[in-house]
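As structure tokens, the structure follows; a few thoughts come after it.
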Amino acid sequence: MVPTALALKAICLADGEFQIATRYWTGGIRIEIGASVTGVTIADGVTVAKIPERGENVITLFGPDTAWDKIRQAIPPRFHNDVFIATARGGISWAGDSKIWWQYYAAVQRLVELLRSEPEVAVDDLPASKKHGEIDAPVGRYVHLNLCGTDYRIYYEEAGTGIPLLLQHTAGSHGTQWRHLFEDKELTETFRLIAYDLPFHGKSIPPVSERWWEQNYRLESGFLRSIPVELSGALGLERPVFMGCSVGGLLALDLAHKHPTVFDAVISLEGALRIGGSYEALKELWHPEVSNETKGRMMEGLTAPSSPEPYRKEIVHTYSSGWPPVFLGDLWYYLMEYDLRDLAKEIDTKEVGVHIFSGEYDYSGTIEKGREAHAAIAGSTFTEMQSIGHFPMSENPEKFLAYLKPILKKISQSR
């Protein structure tokens, strides 16, 4: 059943996340589910039991009952768990001002979640809390790398001994994403895990010799590829394994093609031959009137709805706390520059192992794109991860490790 405006108001007022997301807004959200209509009006951040008409400052979502039936499931199928992708692939549409859409995307998505049949879904158990005073495994340091003639102070964390395993984070984030892997003793007994922050990300602050504040940030392919190569040399790593996710997943395949003698194997999480898409359509992610909160909430939409909620919200936090231009700037490589469609066949997996992982709920680096890359690279392996999205190592680490460890065992045995 579709809740009335009065019932929906009560649900919204009882939800702290929705109340925070609607702050300062005067407008509303209108939901058209087939012939049924519901929604709430927002008056200076206060929820009112009134269905708003389509118009200024109002975001309207509309579509057939069949699409909404999937969206409103407790655990929606892929392409229906997030309102952004549902308007592209899930059979619904939206109307309203694009800036309002981006400013209050978090509120719109949360209202859709509150319409679901069972908002509180069952999730995998979280690990037990650490003891007071217990210290986690990784140790952090800084290393100076000369990249394209400029001194960059790069932060990295490491734990474990054995085969070096470089870990590259996703666009707009930083190495904290790998924190769960550091605590897996079975992993660190065989591998030396090294997670680094790209320049301008996390603790790798900008170089002091550049007037970076006067330039538009853009992550370009040659510069990006140089970082793990130069880091490997600076740390004296002998044929390390490289594992990256999203931007890092594309980079893994890029390195296998252009630097096969540097790495023993690459692990591409959410990788593809080409992502593509409209860079221009995302330009409002750096609009001065659009909060970093929008980026974080969009990234939660890339996760599986059954992944533990605290871990999904941690992804929101890390993305929301980044330097505002960095996410859009990273997408330059991700969407525009990277393209291995004509080159992947040149990768020699006898020289560098290639392992591709794709999450079921990833609507960007989809499982179809992952399979395409696997088919193009002879000798590569492919793993489809069920009930996992775009951030396997941070949204559901236990489930991810169950998929990852057999490949790592295969790599260690080959050494």
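The values are calculated or read from the model by the stated rules, or taken from the named source; none is laboratory data. Predicted, not measured: the structure shown is a model, and the values here were computed from it. Here the Cβ is made from the backbone with ideal geometry for all residues, glycine too, and neighbour counts use every protein chain on show.
Scanning the range 5-17 for residues that are of a type outside the set (A, V, I, L, M, F, W, C), over 28 Å from the mean Cα position of the chain (by Cα) and surrounded by fewer than 14 Cβ atoms within 10 Å (Cβ to Cβ) gives no hits.
The residue pairs whose first member lies in the range 230-247 and is in the same structural domain as His169 (by TED's automatic domain parsing) and within 18 Å of Asp330 (Cβ to Cβ), whose second member is among the acidic types (Asp, Glu) and in a loop (DSSP other than H, G, I, E, B), and whose beta carbons are closer than 7 Å, counting only pairs six or more residues apart or on different chains, are Cys245/Glu270; Ser246/Glu270.
For the range 361-385, a residue qualifies if it is surrounded by fewer than 16 Cβ atoms within 10 Å (Cβ to Cβ), at negative phi and not in a helix (DSSP H, G or I), and the qualifying residues are Ala378, Glu384.
Does Asp184 meet the test of being in contact with a His (Cβ under 7 Å, 6 or more places away or on another chain) and in contact (Cβ under 8 Å) with a residue 24 or more places away in the chain? Step through it out loud before you land on a result.
On the way: in contact with a His (Cβ under 7 Å, 6 or more places away or on another chain): no; in contact (Cβ under 8 Å) with a residue 24 or more places away in the chain: yes.
Taking the combined requirement at face value, the residue does not satisfy it.
Considering Ala265, Ala252, Ala256, the condition of being crowded, with 24+ Cβ neighbours inside 10 Å and either β-branched (Val, Ile, Thr) or in contact with a helix residue (DSSP H, G or I) (Cβ under 8 Å, 6 or more places away or on another chain) (or both) is satisfied by Ala265 alone. The lone criterion from (1) in contact (Cβ under 8 Å) with a residue 40 or more places away in the chain; (2) farther than 17 Å from Gln168 by Cβ left unmet by Phe357 is number (2).
Restricted to the range 154-174, and to residues there that are under 21 Å from Glu220 (Cβ atoms) and under 18 Å from the mean Cα position of the chain (by Cα), the residue that is surrounded by the fewest Cβ atoms within 10 Å (Cβ to Cβ) is His174.
Candidates Ser278, Ser307: the one that is part of a loop (DSSP other than H, G, I, E, B), over 15 Å from Ile347 (Cα atoms), in the same structural domain as Ala344 (by TED's automatic domain parsing) and within 14 Å of the chain's Cα centre (by Cα) is Ser307. When Asp151 is tested against (1) surrounded by 15 or more Cβ atoms within 10 Å (Cβ to Cβ); (2) assigned by TED's automatic domain parsing to the domain that holds Ile194; (3) of a type outside the set (A, V, I, L, M), exactly one condition is not met: (1). Can you find a residue in the range 87-100 that is within 27 Å of Gln19 (Cα to Cα), of a type outside the set (Gly, Ala, Ser), surrounded by fewer than 17 Cβ atoms within 10 Å (Cβ to Cβ) and out of contact with any Ser or Thr (no Cβ under 8 Å at 6 or more places or on another chain)? Yes.
Residues in the range 18-37: is at least one in a strand (DSSP E or B) and surrounded by fewer than 20 Cβ atoms within 10 Å (Cβ to Cβ)? Checked against the condition, which is being in a strand (DSSP E or B) and surrounded by fewer than 20 Cβ atoms within 10 Å (Cβ to Cβ), the range 18-37 yields at least one hit. Annotation: Asp254 fulfils all but one of (1) closer than 20 Å to His355 by Cα; (2) touching an Asp or Glu at 6+ places or on another chain (Cβ under 6 Å); (3) among the charged types (D, E, K, R); the unmet one is (2). Answer yes or no: is there a residue in the range 339-353 that is more than 21 Å from Ile75 (Cα to Cα), under 23 Å from the mean Cα position of the chain (by Cα), surrounded by 17 or more Cβ atoms within 10 Å (Cβ to Cβ) and of a type outside the set (Ser, Thr, Tyr). Yes, the range 339-353 contains a residue that is more than 21 Å from Ile75 (Cα to Cα), under 23 Å from the mean Cα position of the chain (by Cα), surrounded by 17 or more Cβ atoms within 10 Å (Cβ to Cβ) and of a type outside the set (Ser, Thr, Tyr).
Residues in the range 116-168 that are farther than 22 Å from Arg312 by Cβ, of a type in the set (Val, Ile, Thr) and at pLDDT below 95: none. Evaluating Ala95 against the criteria (1) in contact with a strand residue (DSSP E or B) (Cβ under 6 Å, 6 or more places away or on another chain); (2) on the phi > 0 side of the Ramachandran plot; (3) of a type in the set (A, V, I, L, M, F, W, C) leaves one unmet condition, (2).
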